[in-house]
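The values are calculated or read from the model by the stated rules, or taken from the named source; none is laboratory data. The structure presented is a predicted model; accordingly, all values stated were derived computationally and were not measured. Glycine also receives a Cβ, built like all others from the backbone with ideal geometry; neighbour counts cover every protein chain displayed. For the accessible areas, the whole protein counts, side chains as well, though only heavy atoms, and no ligand, DNA or RNA atoms are used. Shrake-Rupley method; radii C 1.70, N 1.55, O 1.52, S 1.80 Å.
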Amino acid sequence: MTDRTTLVPSSGLLPRSGGKPTMGRLRRRREARAAWLFLLPDGVGLLLFVGLPMALALLVSLFNVDGFGNYTFVGLQNFIQMGSDPLLWKSVGVTLTIMVTFVPITFVLSLAVAILVKDKFPGVGAVRSMFFVPNVLSLVVIGVLWQFMLVEKRGVLTQFLGTFGLGNVSWLGTPSLALGTVIAASVWYTIGYQMFLFLGGLSDIPQEYLDAAKVDGANAWGRFRNVIWPLLAPTSFFVLITSIVASVTGVQAFDLIYVLTKGGPANSTSTVVFYIYQQAFQFGNYGYAAAITSLTVVFLVVVSVVLLLVTRGGRFNADAR
């Protein structure tokens, strides 16, 4: 009696007989278990330090909480109050202004710098380090340095700009200039980090593709548009997502503003995150601050989902499945 066997093309290893798992299936199961084990610590960390605080913030937003631990259930009153809070909406406007300026400026500049320092040349390591040095420093130190440079009449940068007739300008004390100054400091701080992200993406592009495009007569712009930019799409998507989150809730949206301007002058640099801090720790309105936090998280989730759908998960390919 002949024992019939069925070859499994997907495994390419041993035939399957009697319904027993093939070597290919066993290997895939082991790889899946290993992947879940590697993801488990990060998943637990996200659950404990991100998911749980978000759930608690949503719960607290339904209460009126004072600084003495007294909880009074108010339902959706904190959310309703947000609609008639002019300072909150001004903070929303400041945050959106930072997002629509900081994100594209930093993206373009960091990509340009990454392309310029991608190839080796004498001193390339020093140039890369020069751009990345700000990320080694604390945001508090960065804020103090910018204050030292921009202090009226005595600041280093103020004295330099005085040669161009700008020495008497109060960069951090003028409402129309303070936000632009904070954005400039944020861009300067972030360029080095994003530059290294782009360098990682550029290093994954095979040199053969660029050489082939050059042989076909493509100039530098043609090689960037037809080779570099399409293959850099996943890295670009990651940089875009992280930049948006940083502009709304990152250290640029609080630490730098807290040190440089304290949200002033005239609330011209008060972001949503800084306003949440004021409501919670200066005014003791913990429930109201939790309500604003909950909607901020919802906004970021919606933006992230929209970007995932529009870019096909960072592939930017209309034909991607």
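Just wondering, is there one or more residues in the range 108-120 that are at pLDDT below 90, over 19 Å from Thr235 (Cβ atoms) and out of contact with any strand residue (DSSP E or B) (no Cβ under 6 Å at 6 or more places or on another chain)? Checked the range 108-120: at least one residue is at pLDDT below 90, over 19 Å from Thr235 (Cβ atoms) and out of contact with any strand residue (DSSP E or B) (no Cβ under 6 Å at 6 or more places or on another chain).
Here Gly45 does not qualify as in contact (Cβ under 8 Å) with a residue 12 or more places away in the chain, out of contact with any helix residue (DSSP H, G or I) (no Cβ under 9 Å at 6 or more places or on another chain) and open to solvent by less than 90 Å² (accessible area, probe 1.4 Å).
Surrounded by fewer than 16 Cβ atoms within 10 Å (Cβ to Cβ) and farther than 30 Å from Thr242 by Cα: does that describe Asn226? The answer is no for Asn226. In summary, helices (runs of 4 or more DSSP H) completely within the range 77-183 and bearing 1 or more residues that are free of Cβ contacts under 8 Å to residues at least 60 places away in the same chain and within 23 Å of Thr249 (Cβ to Cβ) occur at 86-116, 124-136, 139-150.
Pro206 meets the conditions (1) under 28 Å from Val303 (Cβ atoms); (2) open to solvent by 20 Å² or more (accessible area, probe 1.4 Å) in every case but one. The failed one is (1).
Checking each residue in the range 128-159 for being β-branched (Val, Ile, Thr) and either at pLDDT 85 or above or open to solvent by 70 Å² or more (accessible area, probe 1.4 Å) (or both) picks out Val133, Val136, Val140, Val141, Ile142, Val144, Val156. Answer with yes or no whether Arg4 is of a type in the set (Lys, Arg), at pLDDT below 85 and not in a helix (DSSP H, G or I). Against the criterion (of a type in the set (Lys, Arg), at pLDDT below 85 and not in a helix (DSSP H, G or I)), Arg4 qualifies.
Does Ser243 count as crowded, with 19+ Cβ neighbours inside 10 Å, farther than 15 Å from Leu87 by Cβ and not charged (D, E, K, R)? Considered against the rule, which asks whether it is crowded, with 19+ Cβ neighbours inside 10 Å, farther than 15 Å from Leu87 by Cβ and not charged (D, E, K, R), Ser243 comes out as yes. Among all positions in the range 89-106, there is no residue which is among the charged types (D, E, K, R) and modelled with pLDDT under 90. Filtering the range 184-212 to residues that are in contact (Cβ under 8 Å) with a residue 60 or more places away in the chain and either of a type in the set (A, V, I, L, M) or touching an Asp or Glu at 6+ places or on another chain (Cβ under 8 Å) (or both) leaves Ala185, Val187, Ile191, Met195, Leu197, Leu199, Leu202.
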